[in-house]
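Reading through the structure tokens given below for one structure.
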Amino acid sequence: MFADKDAIGSEFKKILGSDVEISTGLASIKTLYNILNRSTATTAKELSEELRAAAEALEETDYSSTSIRSACELFTRFISLAPADLLDDKDFTTVLNFYRSRGDLFIERIAKSRTLISDCCRPFFKNNSNILTHSYSKVVLKTLLDAREAGIWFHVYVTESQPDSSGRKMLLALREKGIHSTLVLDAAVGYVMERMDMCFLGAEGVMETGGIINKIGTLNLAVCAKYMNKPVYVMAESIKFVKEYPLNQADIPADFKYSSTAIKSKDLQAEHPQVDYTPPQFITLIFTDLGIMTPAAVGEELIKLYT
Amino acid sequence: MNHRFTITVARAAVIFVKSVLMHREFLVFKQVGKSPETMTTASTRQEVIEEGRKHLLIEEGRKQLLINLRRRTTREPSFKLATDTLNFLRKVVLHGTYNNLEELLALLRENGLILSGAYPSELVMRNLVLMVCKLARESNSRETNGEFDSPYDSLNKLWKKEDKENQIGRSAKTIRKKLIQAVNDIQIEMETCREHISAQGQYLVHMNDVLIVHSLSTSTTLSSFLAGAKKDKKTRVFSVQIPTEPDDHDAVSISLCEVAGKMCEATKVILSGATVFPDGSCLAPAGGLSICLAAHRHSVPVYVLCAFYKIAPFFVPDSSAVIKHSLPGLPVAMASKWAGRVRVLQPALEMIPANLITLFVSNTASIMPSHIYRLIGDYYHPDDVANY
Amino acid sequence: MTRKKTIEKKAQTVPSDEPTNNETVASEPSSSTPNEPEATEQVSELVNGVTNLSMTDKERGEMDRQTKSKEQIKAEREAKKAEKANKKANATSKVVASPAPQIQQHAPQIPNGQTLLSTTQVSKLENKKDVTQKPPSPEPKSAIKKDTARGNREVQFDLNTTVLRTPSEETISDLPKMFVFTDLAPNFNVHPVFHTLAARCERGQVADVDDLCEEFLSAFVKFISDWGAERLHNSDADPTALGFDLDLAIRPQLGYLTEDGRWPLPYALGNLVRQLKREIKRLDEPCKHAHTKEDGTVAAELPGGCDKLKELEEWLEETRYSCFELATNSISTHLMQKRKFSKKIVTFDWCRVVNRILLDSLVGEDPDLKHIVVLDQQLNGRGVRHMDTLLDKNVKLDYGDLRSLSVALHKCSIVLIGCSAVLSNGCVAVPKGSLSIALSAQANNIPFMVCAQTFKFVDKVQTYGRMALLGRENMELVPSSLITAIVTDIRIVPPSSAPAILKAKALESQN
């Protein structure tokens, strides 16, 4: 099993490496799909065991554990919602084939999600506006690029987002496409906030509360924006909906906050968290491929899915 | 002599009439896009004429609607506009030429775009067009698909969407019939919504309440709501009026500047809404924002009355594009001095953010602002909204 | 006289025919039905006001009478409703019937030879007659006494009535629209200058508190010179009691302006008056003072103490100069530093200081100020005065009322308004409607600045409520949490430092 785990992990990393644009969630789904394709399981239980083990292996990699967990959970649930008569079939291969076709559909659907989000968001852009964003988010990047292509002019302020300076990556990507952008210190968020017109954030996970888990520093930005009456828009694909209910910062599950290697080896007291939780009252709207939602709607969606 | 004269006159008349008709047919052909030379058989020609005539009817209906809009100088209750639009749309459905659902939707969309292009500030028209589109889809699919929940995407329906592609399209005739029926249902709902809203008044307004209302003279929904609420109850009503508006029955008139001061006495604020957006923010007559801010400061609940046709499925992020400015009301002496140098601001509407509103009172139920999006699925279809 | 008697007799016979009629007739003077007596009162006051006032125009009186008649109709309608609700038997018919026979009686008795325009006017007059039929007191005083007993129902002379109140409403803002000059006798002690001042206030010719204070000061200067001259002729005036006498002489003037203390002066003006009184007291201490001007001892020798009065006049002039000219200049200078980021300024209502500031910002080649929005309580209100001065400057001008607030505040740099007083808890008394603007400004993160000269800082604290102003207007109190800064002639201060300014002023005046 250990060998399998490593193999799964490396496959996952390969998928991630092959396509720069792909999100961690989608990559994990593709990994699971590959496992499903290769699967030789003969019962549904066996298959779900296999998938669960694979999901665990994926979570042990150092990538965003929130996205991975939510994507895997959704994938498993998605494909297993098979009509009852099909499950009774003695021949498991038909079931497997059915699952595979479902998986295909799912992946196809998810691949389009960023475009859908970008379309949802387009009417909210105003010409000559100042936009603040945090760290590096592929969804936000795609939205901004599409808006620029549509001819809207705006100036983007990106926070540096330490400890890994992922904001710089975002800045480079934006500048490459000709969007005026400025790098802003994390500590300077309060200082620039009065000039901003709106804030765009990505999310690593969307919680049942309607709040989000995102790179550390998001909460500061959201609180400042709320005080100064600036709207905060979150962009997240539907695969990022997680079935968790954090009550406050301390209640975030440890495997979201820290990378898995850190959990295994280091003393967590001394470790800096990588993410923080932004409660729903600081978020104006959430853009997903399912449409534009208020934070209150997210909880409903999750209830509909998981019951 | 006389006899021959009358015959010549009659013949001339006939020729004249024929030529006029021919000319008309020619015009009709031009509009429809077909040339008379290609028409060979009498029957197809008849069809084309019919088409053209219907097309003209639709165009005239639209023109009439737009002319009526242009005639208005002040904001009228939306109900009239909604009924007019619905009548026009009914005409489109009745007289339009289409063979299946897609063509019908295209036709509706085209007309809708013309209307909203002419008057982007009247969102009710846009809402109704989208509503009729959804009803068209419904009437198309009603037979084939038994279950009938919200067409909007949900996580657990991500795979079901694909199944709907292999639906059998109904014939245009059945669509038309069902659609007209549905449109009539909507009409009835619109006509009764005022009463339903008023009926909720008695639950929302209690004894000894002090209410602040705004734009009482322009909103019939608001006045009937108040009338229903005040029955057998002792309430005091402060009505925020500008001095030039007509005075009102039972309410004490106060001006907008006094609202912030009077808010300490008030227990409830009731406003009428022009349009409601899915996140719970709404467009209300100008002056509403000041009242809501003062109410927020004093923790006074704000109720906004909105009929179902005012709930829009789309967002308008740039409110200045949608807010219509009404005619300036300055005396002539001012106008002569200021002409061209001073802009007099007289917006008709204002955007009120969702966090200032406590409850939306609609004809079906009272809704919290954060739950408006749920109603959207009842009335609109996502594809229509996306493509508009 | 006989005629009058017959009228009275007839009036009494009519009621005797119908017992309930008697009730209604008698009820008018006493206050059983709440609405009718107030109507009569108002009318009687109107009539009294007309006869007593020396400075109001006749035309205004006429027009007011017509507006009054509308109110009279409304009041009568209310009375009818009230009676119906009380389910008095035949109440309405009696009420209608009661004026009718009396009209017929009194038709030939109309005073002043005025023509009958409408039955309502006649009924008004006959109501006046009813008042005169009341037993004891003489006409004018009875009405006024009733008024004080009732509280706040007074006659309104203003043509721009925007608020119609039903008589049963008891709201906080039940302030009189105008004060009635009642006592004829003390008028003789009041200098005509103050008469004109009061009249101008009523007519709305005095635009804001600044103007009011300035006019008051100049009026006072005139008064002193006249009084001084009079005193000079009066040989047995005691020179050492100059201050004391002046103080006594001032009291009736001030009393006249404040209607016997019923309505306090606007706080800023009150400040000035207090300072003035202090100065006057100092006039009685010739030797203790170290005069910076010429020999102060000479003053004691001159008869009538002319020099001292001259000092007072000089002091008044100096105050006036420092309070208005100098202060406005320094306020403008302080704000000059903030110019660079004020591209769009929104202001409300008229304030002289704000106007000066705006004009100063527009001086120069390429001023930073590009866009000015003037808001008003209603269209064609006092804010129009701003526009007249700003028309030809190269700046974009917008005008609107409170309904256009959100459009006006869009992309605004600062909101700048004037005030009539700054209280020591940091609250600011501003024209009505400014509170809405302050709330919106806070919601949009726009700094809300108030201009106030130091003489407007008052040592009073009032958390919320309305204040009376000589100009008859209600002021609003904006709490200090909504204000970003107060610009004074000393420096720009946060609103919480109001007591510090007061202390600084007090120290200054002691030196």
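Points to keep in mind about this one:
- The fewest-to-most ranking of A:Trp153, B:Trp338 by surrounding Cβ atoms within 10 Å reads A:Trp153, B:Trp338.
- Volume in Å³ per residue [convex hull over Cα atoms, computed for region A:168-248]: 114
- Each residue in A:Ile110, B:Ile188, A:Ile29, B:Ile291 was given a count of other beta-carbon atoms within 10 angstrom of its own, and listing them fewest first yields B:Ile188, A:Ile110, A:Ile29, B:Ile291.
- Over all pairs of different C-alpha atoms in region C:340-510, the reciprocal of the mean inverse distance, the Kirkwood hydrodynamic radius, equals 16.4 Å.
- Measuring r between the beta carbons of C:Ala199 and C:Leu391 and using R0 = 45 Å, the FRET efficiency lands at 0.90.
- The alpha carbons of chain A stretch over 65, 45, 36 Å along the principal axes, in descending order.
- Residue pairs, from the table A:Lys45/A:Lys112; A:Lys45/A:Lys266; A:Lys112/A:Lys177; A:Lys126/C:Lys393, whose Cα atoms sit over 24 Å apart: A:Lys45/A:Lys112; A:Lys45/A:Lys266; A:Lys126/C:Lys393
- Estimated translational D of region A:21-66 in µm²/s (Stokes, Kirkwood radius over Cα pairs; 37 °C; 0.692 mPa s): 293
- Surrounding net charge for B:Cys133, when Lys and Arg each add one and Asp and Glu each subtract one, Cβ distance under 9 Å: +1
- Membrane-span-like helices in chain A, defined here as complete DSSP H runs extending at least 27 Å along the helix axis by their C-alpha atoms with mean Kyte-Doolittle hydropathy no lower than 0.0, are A:92-111; this is a sequence and geometry rule, not a statement about a membrane.
- Of the residues A:Glu60, A:Glu50, A:Glu160, the one that moves most in a GNM of chain A with alpha-carbon contacts below 10 Å is A:Glu50.
- Cross-link pairs exceeding 22 Å in C-alpha to C-alpha distance, out of A:Lys138/A:Lys257; C:Lys411/C:Lys456; B:Lys337/C:Lys432; C:Lys370/C:Lys432; A:Lys13/A:Lys304; A:Lys14/A:Lys243, comprise C:Lys411/C:Lys456; B:Lys337/C:Lys432; C:Lys370/C:Lys432; A:Lys13/A:Lys304; A:Lys14/A:Lys243.
- Over region A:2-111, the reciprocal of the mean inverse Cα-Cα separation, the Kirkwood hydrodynamic radius, stands at 14.1 Å.
- Taking every alpha-carbon pair in region A:134-195 and binning the separations at 5 Å intervals from zero gives 4, 19, 30, 24, 16, 6, 1 percent.
- Rounded to 5, the percent of DSSP beta bridges in region A:114-306 classed as antiparallel: 30
No value in this document is a laboratory result; all are computed from the given coordinates. Everything numeric in this text was worked out from a predicted model, so none of it was measured. Note: ideal-geometry Cβ built from the backbone for every residue, glycine included; neighbour counts use all protein chains shown.
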